[in-house]
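Asks: Got a structure for you, questions after.
The values are calculated or read from the model by the stated rules, or taken from the named source; none is laboratory data. Keep in mind that what you see is a predicted model, and the values were worked out from it rather than measured. Methodologically, a virtual Cβ is constructed for each residue, glycine included, from the backbone with ideal geometry; neighbour enumeration extends over all protein chains shown.
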Amino acid sequence: MQRRTMLKLAVAGVAGAMERLPVVASRAYAAPGAADSKFLLVFLRGGYDAANVVIPVGSPFYYEARPTLAVAEPDPSNPHAALPLAQAGEAVHWGLHPALKESIYPLWQAGQAAFVTFAGAEDMSRSHFETQDRVEAGLSPAIAGAGPRKYGSGFMNRLAASLGGAAAPVAFTDGLPVVMTGDVVVPNVSLKGTARAPFDERQMAVLAGMYAGTRFEHLISEGFELRKTVAEQAEMMASGGTSSEMQAANRNAISARGFELEARRMAGLMRDKFNLAFIDVGGWDTHVNEGNAQGQLSNLLGNLGQGLAVFAEQMGPAWSKTVVVVISEFGRTFRENGTRGTDHGHGTVYWVLGGSVRGGRMAGDQVAVERGTLNQDRDWPVLNEYRSLFGGLFKVVFGLDAARLDKVFPRTRARDIGLV
């Protein structure tokens with residue numbers, strides 16, 4: 001069979017598989033507006049440095065605590081300065097990282113982006129794995145069986161169950177994430193296959209066996225060895241030379257570098273097929289050489305922001321009924337560390353984007369950013385607990401009543417902070 005024919009068949013097979021993706025949920029009930037509303041959760045794995053993205057530029061303590069990492073106060077003449085997050089005539093207390101100038105900042109100016117500072121979970125372990133699991137499970141620590149790795153379902157799966165026949169959930173991931181586990185059958189669709197190596201380990205073994213004992217054996221062996229070396233170097237470059245622990249925190253999430261292409265594909269699928277979606281993006285554990293207006297974090301943000309802007313554009317008219325929330329397992333230490341980076345922290349900042357979002361503002365409870373308001377003299381406190389925040393959001397977006405909200409987030413009082 002010719003290679004061209006094989007490629008055509010492979011593409012046709014993928015397309016056919018997409019048509020047959022299973023979307024199963026209870027048909028007993030459909031919440032008001034659920035068929036029209038769409039929700040995407042973007043999880044930044046590794047704990048992104050929120051204080052250098054949504055920056056407390058009005059805090060002298062910020063500049064004292066970060067002598068090499070701080071981003072300059074807003075200044076129209078400085079391309080590396082923070083972008084003011086304030087309306088005309090308001091005092092500027094917060095600024096946005098300049099890497100997001102062409103992507104997220106226009107959404108803010110259009111009233112389609114809001115930021116919830118001091119957000120997060122009660123978990124104080126500062127462990128990537130425990131906190132990621134707890135956040136995705138969405139269960140109170142007081143609930144029996146809600147300990148690390150003892151969850152029975154994730155909160156987006158329970159949301160799908162509460163929406164009944166209106167639910168069309170999907171995870172844009174290699175494997176099914178905790179947040180989508182549960183009684184509802186949720187397909188996981190990996191969008192990063194085009195970036196993978198052309199041969200896996202099994203295929204390489206078959207090819208090596210085919211040429212064993214021939215004059216091509218050493219050429220095949222050398223070729224695979226070279227491929228392995230190049231792949232390892234490319235992976236190291238992509239990860240910024242991160243440690244094995246930092247890589248593990250990514251949980252095989254896509255990198256920000258390829259996010260724009262994935263976002264374009266996600267938009268196409270969410271326009272036509274799905275209304276509840278999850279994707280994770282790795283590489284945010286910036287212990288070393290994080291950078292300020294330029295550098296490692298800036299590069300991550302540039303790619304992420306561009307992808308989100310493309311997603312908004314590609315959603316077309318459906319963007320008016322779409323809400324995107326960007327979260328992370330925790331924030332980072334407010335003070336920079338000895339390796340020009342930041343370490344695991346507590347409170348973070350959630351991004352809320354969408355055509356129906358009441359944006360152009362900071363949302364939720366806040367406190368002055370100074371040494372005395374830090375949690376344990378180390379990191380941001382959590383003033384906006386994520387379960388109550390999401391509960392309030394789902395109440396409005398999907399029209400869920402108290403009984404159904406309690407199934408999504410048991411023993412949690414939903415709090416509507418006016419995001420939509």
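Asks: Which one of 253, 293, 312, 277 is among the small types (Gly, Ala, Ser) and in contact with an Asp or Glu (Cβ under 9 Å, 6 or more places away or on another chain)?
Replies: 253 is the lone residue from the list that is among the small types (Gly, Ala, Ser) and in contact with an Asp or Glu (Cβ under 9 Å, 6 or more places away or on another chain).
Asks: Considering only region 238-272, state which residues are at pLDDT 95 or above and of a type in the set (Gly, Ala, Ser).
Replies: Selection gives 263, 267, 268.
Asks: Turning to a different aspect of this structure: Can you tell me which of 416, 406, 377 is free of Cβ contacts under 8 Å to residues at least 24 places away in the same chain, among the charged types (D, E, K, R) and either within 23 Å of residue 108 (Cα to Cα) or in a loop (DSSP other than H, G, I, E, B) (or both)?
Replies: Unique residue meeting the criteria: 377.
Asks: Here's another thing I want to ask about it. Report whether or not residue 275 is polar (S, T, N, Q), modelled with pLDDT under 75 and touching a strand residue (DSSP E or B) at 6+ places or on another chain (Cβ under 6 Å).
Replies: no
Asks: Here's a follow-up. Taking region 288-324, which residues are part of a helix (DSSP H, G or I), more than 30 Å from residue 338 (Cβ to Cβ) and polar (S, T, N, Q)?
Replies: Of everything in region 288-324, those that are part of a helix (DSSP H, G or I), more than 30 Å from residue 338 (Cβ to Cβ) and polar (S, T, N, Q) turn out to be 306, 314, 320.
Asks: Which one is nearest to the chain's Cα centre (by Cα) among residues in region 91-136 that are on the phi > 0 side of the Ramachandran plot and not hydrophobic (A, V, I, L, M, F, W, C)?
Replies: 120
Asks: Limited to region 374-420, what total is found for residues that are in contact with a His (Cβ under 9 Å, 6 or more places away or on another chain) and not hydrophobic (A, V, I, L, M, F, W, C)?
Replies: Within region 374-420, residues that are in contact with a His (Cβ under 9 Å, 6 or more places away or on another chain) and not hydrophobic (A, V, I, L, M, F, W, C) number 5.
Asks: Now for a different question. Going through 382, 397, 357 one at a time, which residue ends up being in a loop (DSSP other than H, G, I, E, B), out of contact with any Leu (no Cβ under 7 Å at 6 or more places or on another chain), surrounded by 19 or more Cβ atoms within 10 Å (Cβ to Cβ) and modelled with pLDDT of 95 or more?
Replies: 382
Asks: Restricting the search to region 78-136, which residues are buried (at least 23 other Cβ atoms within 10 Å of the Cβ), farther than 21 Å from residue 384 by Cβ and hydroxyl-bearing (Ser, Thr, Tyr)?
Replies: Within region 78-136, no residue meets the criteria.
Residues checked against (1) within 25 Å of residue 263 (Cα to Cα); (2) surrounded by fewer than 15 Cβ atoms within 10 Å (Cβ to Cβ); (3) of a type in the set (A, V, I, L, M, F, W, C); (4) modelled with pLDDT under 85:
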| residue | (1), (2), (3), (4) |
| --- | --- |
| 145 | no, yes, no, yes |
| 156 | yes, no, yes, no |
| 193 | yes, yes, no, yes |
| 217 | no, yes, no, yes |
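Asks: Does any residue of region 306-315 turn out to be more than 12 Å from residue 45 (Cβ to Cβ) and among the acidic types (Asp, Glu)?
Replies: Yes: region 306-315 contains one or more residues that are more than 12 Å from residue 45 (Cβ to Cβ) and among the acidic types (Asp, Glu).
Asks: Let me ask something else. Is it the case that some residue within region 62-70 is in contact with a Gly (Cβ under 6 Å, 6 or more places away or on another chain), of a type outside the set (A, V, I, L, M) and either surrounded by 14 or more Cβ atoms within 10 Å (Cβ to Cβ) or within 30 Å of residue 178 (Cα to Cα) (or both)?
Replies: The answer is no; no qualifying residue exists.
Asks: Tell me which residues, restricted to region 87-107, are at pLDDT 95 or above and of a type in the set (A, V, I, L, M, F, W, C).
Replies: Within region 87-107, 92, 94, 96, 99, 100, 104, 107 qualify.
Asks: Here is a follow-up. Taking the options 285, 272, name whichever one is of a type in the set (Asp, Glu) and buried (at least 19 other Cβ atoms within 10 Å of the Cβ).
Replies: Step by step, each of 285, 272 is checked, and only 285 is of a type in the set (Asp, Glu) and buried (at least 19 other Cβ atoms within 10 Å of the Cβ).
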